[in-house]
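The values are calculated or read from the model by the stated rules, or taken from the named source; none is laboratory data. Quick caveat: nothing in here was measured; it's all calculated off a predicted structure. Using ideal geometry, Cβ is built from the backbone for each residue, glycine included, and neighbour counts are taken over all protein chains shown. Note: accessible area is taken over every heavy atom of the protein model, side chains too, but ligands, DNA and RNA are not part of it. Shrake-Rupley method; radii C 1.70, N 1.55, O 1.52, S 1.80 Å.
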Amino acid sequence: MIKVVSAELPPHSALLKRVGALDFLDCYRVESVLEPRQAADIITDFPLWARSLIYVRNAITSPFGLSKNGPIAEDKVGFFPVESDSDSELIAGFNDKHLDFRVSVMSHQGHVYLATWVHPNNMAGTLYLNAILPFHIVIARNALMRVGKHCSRVRHEHLSKEKRS
C-alpha cells in the first residue's frame, strides 16, 4: 500500500534557507527511489481534475496580472522554472506580485519529499495562499501518490520479468 505522509523536510534541503518566521512551508513524503527530476516530472504531469483547477485559478487571477505559466525559462518542470537541480534535490518556482514560492522535490533515504515554501509579499498573497491551501494539499498528496504508484508499478514489472526468466 502506498502511503503519503506529512514529514519534516530533511535538514540539508536548500529550501530551508529561505524560510522566514511568517512563511508557509509544508512537506509530504512517499517511499520511492526515484531521482528528483524523475519525480518532479511525474508530480507536474497533473491529472485532468488538477489541470481544471489550475484553469479556474488562471481565469480568476488573470485580471489581477498574476502569472499563468510562470516566467520564460530554459529549464522547467511543468510550468515551474528550475532554480537548482542536483542528485538529491530539485528546486523550482518563481516570484510573483502577490507571493514568492518554491517547491522542493528531494530524494533521501528511500523516500521522495515534496515541500512547498511560500512567502506572501502582501495581503493579497496571504489571502491567495489561504484560498488555495485546501486545493494545494490535495494536489501535493495526489502528486506523491502518483510517484509512489509509478515506483510500485516499475517494481512489479521488474519482478514479473524476473519470474519469467
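Numerical summary
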{"item": "Fraction of accessible area attributable to carbon and sulfur, the chain (%, probe 1.4 Å)", "result": "58"}
{"item": "Contour minus Cα-Cα distance for residue 8 and residue 59 (0.36 nm per residue)", "result": "15.0 nm"}
{"item": "Under Karplus coefficients 6.51, -1.76 and 1.60, residue-wise ³J(HN,Hα) of region 107-120 in Hz, glycine/proline x", "result": "10, 7, 6, x, 10, 10, 10, 10, 10, 10, 10, 9, 10, x"}
{"item": "Computed helical MRE - 222 nm, the chain, DSSP H runs ≥ 4 contributing -39500 (n - 2.57), nearest 500", "result": "-13500 deg cm²/dmol"}
{"item": "Label corresponding to semi-axes √(5λ) of the Cα gyration tensor in Å when calculated from the structure given, among (1) 29, 18, 14; (2) 39, 20, 12; (3) 67, 18, 14", "result": "(1)"}
{"item": "Largest-first ellipsoid semi-axes for region 1-50, taking √(5λ) over the Cα gyration tensor eigenvalues, angstrom", "result": "22, 15, 13"}
{"item": "Pair residue 126, residue 108: separation of 7 Å Cα→Cβ label points (nm)", "result": "2.9"}
{"item": "Residues residue 21 and residue 149, FRET efficiency given R0 of 45 Å [Cβ-Cβ distance, rounded to 0.05]", "result": "0.75"}
{"item": "Computed label-point distance, nm, for sites residue 95 and residue 51 using a 7 Å Cα→Cβ extension", "result": "3.2"}
{"item": "Probe 1.4 Å, accessible area per residue of the chain, Å²", "result": "59"}
